[in-house]
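Undergrad: Questions regarding the structure given below will be posed in turn.
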Amino acid sequence: MVKFFVPTATNETEAEDIYEAAKQFATQNCGPVADRRIQSIRFQNKGKSVVAEVGKIEPITGETVIAILESSTYLVCTLNRGVIKGLPILVGKHEVTSVTDFE
């Protein structure tokens with residue numbers, strides 16, 4: 001298991017601030033968010049297996065994944081999709097084949 005991090009943060013305090021801001025934004029726009037800290041999810045998109053992992057490029061948008069949150073769906077957050085602006089990428093729980101949590 002990997003220790004929790006936020007790829008754009010320069011220290012742990014900044015990582016927590018960014019993560020909490022993403023959670024607040026998601027809660028306001030998508031409903032309650034669980035406290036679970038998710039490192040990656042594997043899911044089906046248009047018949048293909050896709051992995052979204054914090055710190056890596058998300059293949060649908062080509063942006064770095066900043067956080068993955070759990071609500072009624074999974075919320076994949078990039079800078080332009082759920083952190084600075086825009087809604088996160090919504091991934092239905094029925095589409096997810098595996099979830100890896102941070103340490």
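Every read-out reported here was derived from the displayed coordinates using simple, explicitly stated rules and does not represent laboratory data. Every value quoted in this text rests on a predicted model; they were computed, and no experiment measured them.
Undergrad: Compute the long axis of helix 12-30 from its Cα atoms, compare it with the longest principal axis of the Cα atoms of the chain, and write down the angle in degrees, 0 to 90, nearest 10.
TA: Roughly 50 degrees between the two axes.
Undergrad: How much length would be gained if the chain were fully extended between GLU16 and PHE102, taking 0.36 nm per residue of separation minus their Cα-Cα distance, in nm to one decimal?
TA: Here the segment from GLU16 to PHE102 would lengthen by 29.6 nm.
Undergrad: If I take the Cα coordinates of the chain and project them onto the principal axes, what are the three extents in Å, biggest first?
TA: Rounded to whole Å, the extents work out to 39, 29, 24 Å.
Undergrad: Next question, about the same structure. Is the shape of region 37-83 best called rounded, prolate or oblate, per the rule: a/c under 1.5 gives rounded, else a/b larger than b/c gives prolate, else oblate, with a ≥ b ≥ c the square roots of the Cα gyration tensor eigenvalues?
TA: On the way: a/c = 1.56, a/b = 1.17, b/c = 1.34.
Oblate.
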